[in-house]
Amino acid sequence: MSRIGLKPIPKPAGVKYTMNGNIVAVEGPKGKVNALLPAGIRLVEKDNTIIAERDNDSQKAIHGLARSLVFNAVEGVTNGWKKDLDIVGIGYRAEMKGKEMVVFTLGYSHPIEFPLPTGIEVAIDPKQTHLTVSGIDKQKVGQVAADMRSLRKPDPYKNKGVRYSDEKLKKKVGKTGSK
């Protein structure tokens, strides 16, 4: 029995969804998001909530996935999604170049220009060491944040680099001198 798949999705005021084959288009105050629904799953609206129902038990494995995809779309068009990144290291920083380009200085011989995809916004604090990636598509926000982190992953010995704000790092002990 899928516990996640059985949970109802609250439908806030101002949110509309339409089914077009396997694609669910969710429209809300922040914009419009499309979610791909697996075959055999249908959406039913009851008492201002959306319930994902499966045709038979062969879709049992993807029932929770389908519910989560629709929930992420509804949450994205109402509140949006965001990921926080911290840049740690002397001289490491990020700055905006226009509206759709972030320039990172991460200790390499050259600055790294990172173009932003459509629908993604980045806010940088005045110290230029904290970024907030936000948007309405959860998958796209997470992918952009992961791509930014991969530009300079945290070093296990000095903990320098780009990391998520809630990420816990374990610092490794370096070599000890022999006598």
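Data overview
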{"item": "Electrostatic dipole magnitude of the chain [Cβ: Lys, Arg +1; Asp, Glu -1; Cα centre; debye, to 20]", "result": "940 debye"}
{"item": "Selection from I124, I87, V103, by position along the positive dipole direction of the chain (Cβ)", "result": "I87"}
{"item": "Cα long-axis angle, helix 60-78 against the chain (0 to 90 degrees, to the nearest 10)", "result": "70 degrees"}
{"item": "Net charge of neighbours whose Cβ lies under 12 Å from the Cβ of I90, counting Lys and Arg as +1 and Asp and Glu as -1", "result": "+3"}
{"item": "Most positive-pole-ward Cα, G28, P154, A66, against dipole of the chain from beta carbon charges", "result": "P154"}
{"item": "Reachable lysines, given that their alpha-carbon falls under 22 Å from the alpha-carbon of K153 and they are not under 8 places away in the same chain", "result": "K82, K83, K127, K138, K140, K168, K170, K171, K172, K175"}
{"item": "HN-Hα J in Hz across the stretch 90-106 - Karplus 6.51, -1.76, 1.60, θ = phi - 60°, x for Gly and Pro", "result": "6, x, 7, 6, 9, 8, 7, 10, x, 9, 10, 8, 10, 10, 9, 10, 10"}
{"item": "Stretchable slack from R3 to V103, in nm (0.36 nm times residue separation minus alpha-carbon distance)", "result": "31.6 nm"}
{"item": "The stretch 81-164 - Kirkwood radius from inverse mean 1/r over Cα pairs (Å)", "result": "12.8 Å"}
{"item": "Between helix 138-149 and the chain: long-axis angle, C-alpha atoms, 0 to 90°, nearest 10", "result": "10 degrees"}
{"item": "In the stretch 103-179, chymotrypsin sites (Phe, Trp or Tyr not before Pro) in a DSSP loop with at most 16 other beta-carbon atoms within 10 Å", "result": "Y108, Y157"}
{"item": "Relative packing of peptides 137-148, 62-73 - highest average C-beta neighbours within 10 Å first", "result": "62-73, 137-148"}
{"item": "q = 0.19 Å⁻¹, the stretch 3-78: log10 I(q)/I(0) [Debye, one scatterer per Cα]", "result": "-0.70"}
{"item": "Percent of Cα-Cα distances greater than 24 Å, calculated over the chain", "result": "51 percent"}
{"item": "Neighbour-count ranking [beta-carbon atoms within 10 angstrom, fewest first] of R3, R42", "result": "R3, R42"}
{"item": "Separation of the V88 and K175 label points, Cα + 7 Å toward Cβ, nm", "result": "2.4 nm"}
{"item": "Lys, Arg +1 and Asp, Glu -1 on Cβ, resulting dipole of the stretch 3-78 about Cα centre, debye, nearest 20", "result": "120 debye"}
{"item": "Segment K46-S165, length gained on full extension (0.36 nm per residue, minus Cα span)", "result": "39.0 nm"}
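Every number in this text was worked out from the coordinates using simple rules, so none of it is lab data. Everything numeric in this text was worked out from a predicted model, so none of it was measured. Note that each Cβ is placed from the backbone with ideal geometry, even for glycine, and that neighbours are counted across all protein chains shown.
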